[in-house]
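Structure record follows, encoded as structure tokens.
The values are calculated or read from the model by the stated rules, or taken from the named source; none is laboratory data. Treat the numbers as computed from the prediction; the structure is a model and nothing was measured. Virtual Cβ from ideal backbone geometry, glycine too; neighbours counted across all protein chains shown. For the accessible areas, the whole protein counts, side chains as well, though only heavy atoms, and no ligand, DNA or RNA atoms are used. Shrake-Rupley method; radii C 1.70, N 1.55, O 1.52, S 1.80 Å.
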Amino acid sequence: MALTTDDRLDIYELNAKYADALDFLEPELLRDVFTDDAVWEVAERGFRLVGLPEIMAFMGRSDVHPGAHLITNAYVQRVTDDPAGDSPLVTLRSRGIYPVGPSARSDPTGVFYGRYEDDVVKTSDGWRIRHRRFVFGV
């Protein structure tokens with residue numbers, strides 16, 4: 001299946017909606033980003049959140065997030081048939097850069113970074129991430 005320009009824009013905007021939900025501590029906005037049965041994980045650390053309620057509860061905590069989520073280099077890596085449904089399965093890749101700590105000209109903020117690999121599907125409510133994987137440092 002070929003994606004339309006509107007499909008691609010809707011898919012790319014998921015990252016901005018995700019970043020704003022976390023940065024403004026408004027986890028309810030994640031309803032416009034994830035499916036109800038979504039999985040969010042950092043596999044290399046054995047960290048996994050399952051289901052939108054669990055994702056929202058974690059993402060709404062101010063003690064676990066950097067002050068800003070800067071997500072860039074988004075592109076559709078591939079589009080395949082979704083074995084779990086009638087929608088196409090889109091693999092979206094992007095990079096995240098996250099400032100941590102106080103920032104001043106003489107003491108710049110440190111950062112950590114990584115890559116997102118997302119399985120994105122089209123639902124009756126629009127495009128949503130069904131599975132988000134974060135990999136540190138690549």
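Figures for the structure shown
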| read-out | value |
| --- | --- |
| So residue 10, is it open to solvent by 30 Å² or more (accessible area, probe 1.4 Å), assigned to a helix (DSSP H, G or I) and without any contact (Cβ under 8 Å) to a residue 12 or more places away in the chain | no |
| Filtered residues of region 13-24 (kept if surrounded by fewer than 16 Cβ atoms within 10 Å (Cβ to Cβ) and touching a residue at least 40 places away in the same chain (Cβ under 8 Å)) | 16, 23 |
| Of residues in region 60-90 being under 17 Å from the mean Cα position of the chain (by Cα) and without any contact (Cβ under 8 Å) to a residue 12 or more places away in the chain, the one nearest to residue 109 (Cα to Cα) | 64 |
| Residue in region 90-97 that is polar (S, T, N, Q), open to solvent by less than 80 Å² (accessible area, probe 1.4 Å) and farther than 13 Å from residue 131 by Cβ present | yes |
| Residues within region 22-36 that are within 24 Å of residue 77 (Cβ to Cβ) and at pLDDT below 95, tallied | 1 |
| Residues of region 106-124 that turn out to be open to solvent by 70 Å² or more (accessible area, probe 1.4 Å), touching a strand residue (DSSP E or B) at 6+ places or on another chain (Cβ under 9 Å) and within 29 Å of residue 87 (Cα to Cα), as a count | 1 |
